[in-house]
1. Checking the a/c ratio against 1.5 first, then a/b against b/c, what shape does the Cα gyration tensor give for region 10-54?
2. What's the ranking of 58-65, 32-39 by average number of surrounding C-beta atoms within 10 Å, highest first?
3. Taking a point 7 angstrom from the Cα of residue 11 along the C-beta vector, which residues in region 36-65 have backbone N less than 14 Å away?
4. Using Cβ contacts closer than 10 Å as the measure, can you line up 18, 57 from fewest to most?
5. Using Cβ contacts closer than 10 Å as the measure, can you line up 67, 49 from fewest to most?
């Protein structure tokens, strides 16, 4: 993975990488690039903006697993 083109503090970078964990591996690079592209639009980047951008971008990239098939008839 390439380095992020936006300067982030350690805690902010940890937030972005934690948010990337549930994203499908083949989509993570696009997810990180989308976050960086959005953050690059702002002159000042702080934790609130980063979390908002993460939330919005996760909605576009997160593909939740279908767990309905794994429920046994005894669990219903």
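1. Working: a/c = 2.61, a/b = 1.50, b/c = 1.75.
Cα axes put region 10-54 in the oblate bin.
2. Details: 58-65: 11.2, 32-39: 18.2.
The peptides rank, most packed first, as 32-39, 58-65.
3. 46-51
4. Working: 18 10, 57 24.
The order, fewest Cβ neighbours first, is 18, 57.
5. Values: 67 7, 49 15.
Lowest count first: 67, 49.
Each value in this text was obtained by applying a stated rule to the coordinates, not by laboratory testing. Note that the coordinates shown come from a computational prediction; the quantities given were computed from them, not determined experimentally. FYI the Cβ positions are ideal-geometry reconstructions off the backbone, even for glycines, and counts take in every protein chain you see.
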